[in-house]
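See below for the structure under consideration.
Please treat every number below as a calculation from the coordinates, not as lab data. It should be emphasised that the depicted structure is a prediction, and the values quoted were computed from it without experimental measurement. Methodologically, a virtual Cβ is constructed for each residue, glycine included, from the backbone with ideal geometry; neighbour enumeration extends over all protein chains shown.
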Amino acid sequence: MEKIVALCKRRGFIFQSSEIYGGLNGAWDYGPLGVELKRNLKDYWWKCMTQLRDDIVGFDGSILMNAAVWKASGHVDTFSDPLVECMLTKKRYRADQIEPQSGTAYYYSGVFTKTKISRYDNTTYTKHSKPGSEGFFIELPFAVLAPKGKPEASAQKIARQFYADRGIAEADINDLDLEKSEPVENSTKFNPENGAQLSEPRVFNLMLKTYIGPVQDESSVTYLRPETAQAMFVQFKNVLDVTQKKLPFGIAQIGKAFRNEINPRNFTFRSREFEQMELEFFVKPGTGPEWLNKWLEERLAWYEAIGIPRAKIHVLTVPDKDRAFYSQGTYDLEYEFPFGIQELEGIAHRGNYDLKQHQEASGKPLEYFDEESKTKYLAEVVEPSAGVDRTVLAVLCEGYAEETIKDEESGKEETRVVLRFSPRLAPIKAGIFPLLKNKPELVAIAQSVYKTLQPLLKVVYADTAAIGRRYRRMDEIGTPFGITIDFETLEGAKEASTSAVGTPIAAGQKDTVTLRHRDSMKQERIVIADLPGYLLAKIA
Ligand code: GAP
């Protein structure tokens, strides 16, 4: 993973947000190549959803919505995670993500008498009179887990730091009382990073709050949307009226979503600002389960089409206890990331939960009138919801390869780093190279090929460095094709061959160039006039 993160920065795919100010946790910027990759991914999803199908229409909702939307959708009351805090570092973690620990737990009473706590800020902690003793005492109990085989001293070191951080005098810390110790198995009450006790879980709403207008009070509160879906439910009726679609039909949207994640991590995988590609597919009551399975197959085929093999995607049937409360059935599509098998997309059968909630809360009918049966009802919804950033990350992980190869010119062994993007996603589709930059005839033809291709697809022109180096740089950013204008272009093909598009090339034919393939490094000749058609077919 470190190598992928380093490559992303070095070649301009992804940078840390606000880097020169120390960064902002959970936010990322896409550089010149990253933005192309991400855009190609979104365009392909959009094309598959809205261009290649007659039963889905596109939509682009606002990020800010009336706060009533989030109340009706259930996000205000239930979009939350249980949160625990490390009592030593104050760092917060999701309670359900704490890895169970085993070892010996040491419990310190942390009782200090008033005389001993002269430097202690007693406004923060309870001060009480201890039965049977004179005067006031301050009680700061704290426990530490020492992993199996570690002595108490290692736990005490953490405890001492805990008391010192709270201003307890060193002399008092030296009197630290160990109340008890006990073996623990698979406990989630201690921080796996340092053994310190964790607080009891507290519920933490993940929506990012903001205020609309100049007055910042409860009436002006709203939220940055935590999913794109809700605007599509709220506008269901408007979309239906203007398109006159019949069930089943879908509304598709790509856009930003925001979640105040407790623990953003794994590069862009869990961010606080991210993009979603969501489809709300409205179906007749009772047909939800059937459509859920259809969409599972559709989405698996889509991942194959962007270069993520079926074997790398794990389909999890989410058990009842783990499903969102609105869901009647969910599949998670998970990818084998280097940091573990993790969710890329959720496909949920949401029933009529959302339309029902919004109909009730707004008082506006959101029912569908069925011409055939002459009845009105609420449609059910099947929702394939994918993360743009997670899919970009999966594409980067899937594409990254290191190979030992022989240099195409010198024959020496070297390591080649290559991003094996599918051509339809590659940020740059082809590099155009004159073999030598000081040969005006080569440069003129290369420039003309470049100018012909530039309006059609993203290509770059490069004339510096040896041709092998230029190929290697293109390999590292995932450019699938290299087009080299060489002496055979000027003097005619050395021998007869079959061109890349299958047509014959005669010995001595002058209108050909070398076409080099990134993955196989194979080189063949192609007629210049065939280049646009050949390349466009590869990226469609
Ligand atoms: N409308 C349903 C919904 O939002 P979700 O499972 O919470 O469902 C859908 O999110 C997808 O959005 C996830 O599968 C994931 O790809 C992406 N996603 C969710 N939270 C994310 C985060 N914090 N960072 C990056 N992507 C995230």
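Inter-label distance, ALA6 to GLU371: 6.3 nm, where each label sits 7 Å from its Cα along the C-beta direction. Annotation: peptides 504-512, 38-46, ranked by per-residue average of other Cβ atoms within 10 Å with the highest first, follow the order 38-46, 504-512.
Listed by Cβ neighbour count within 10 Å, with the fewest neighbours leading, THR89, THR489 appear as THR89, THR489.
Annotation: amide H of ILE505 within the under-5 Å range of SER497, THR498, SER499, sequence separation 5 or more or interchain, hydrogens built in the peptide plane. Only helical runs count toward this figure. For the chain, summing -39,500 (n - 2.57) over DSSP H runs of n ≥ 4 and dividing by all residues gives -8000 deg cm²/dmol at 222 nm. Model label sites at LYS412 and GLU179, defined 7 Å from Cα along the beta-carbon direction, differ in position by 6.7 nm. Here PHE487, PHE421 are placed in order of increasing Cβ neighbour count within 10 Å, fewest first, which gives PHE487, PHE421. Membrane-span-like helices in the chain, defined here as complete DSSP H runs extending at least 30 Å along the helix axis by their C-alpha atoms with mean Kyte-Doolittle hydropathy no lower than 0.5, are absent; this is a sequence and geometry rule, not a statement about a membrane. Charge tally around GLY363: other residues with Cβ under 15 Å, Lys/Arg +1 each, Asp/Glu -1 each, net +2.
Lysine pair count for the stretch 204-286 with Cα-Cα distance under 20 Å and sequence separation of 8 or more or different chains is 6.
Annotation: amide H-H contacts under 5 Å for ARG270 (H modelled 1.01 Å from N, sequence separation of 5 or more, or interchain): ARG265. Under a straight-distance cross-link criterion of Cα-Cα below 26 Å, which lysines are reachable from LYS451, leaving out those fewer than 8 residues away in the same chain? Answer for LYS451, where 26 Å is the Cα cut-off: LYS38, LYS429, LYS437, LYS439, LYS510, LYS522, LYS538, listed by chain and number. Here r is the Cβ-Cβ distance between PHE204 and ARG265 and R0 is 25 Å; the resulting FRET efficiency, rounded to 0.05, is 0.95.
Residues whose amide H comes within less than 5 Å of that of ARG416, counting only those at least five positions distant or on another chain, are GLU403, THR404, ILE405 (H built at 1.01 Å from N in the peptide plane).
Ranked by how many other Cβ atoms sit within 10 Å of their own Cβ, fewest first, the residues SER373, SER385 fall in the order SER373, SER385.
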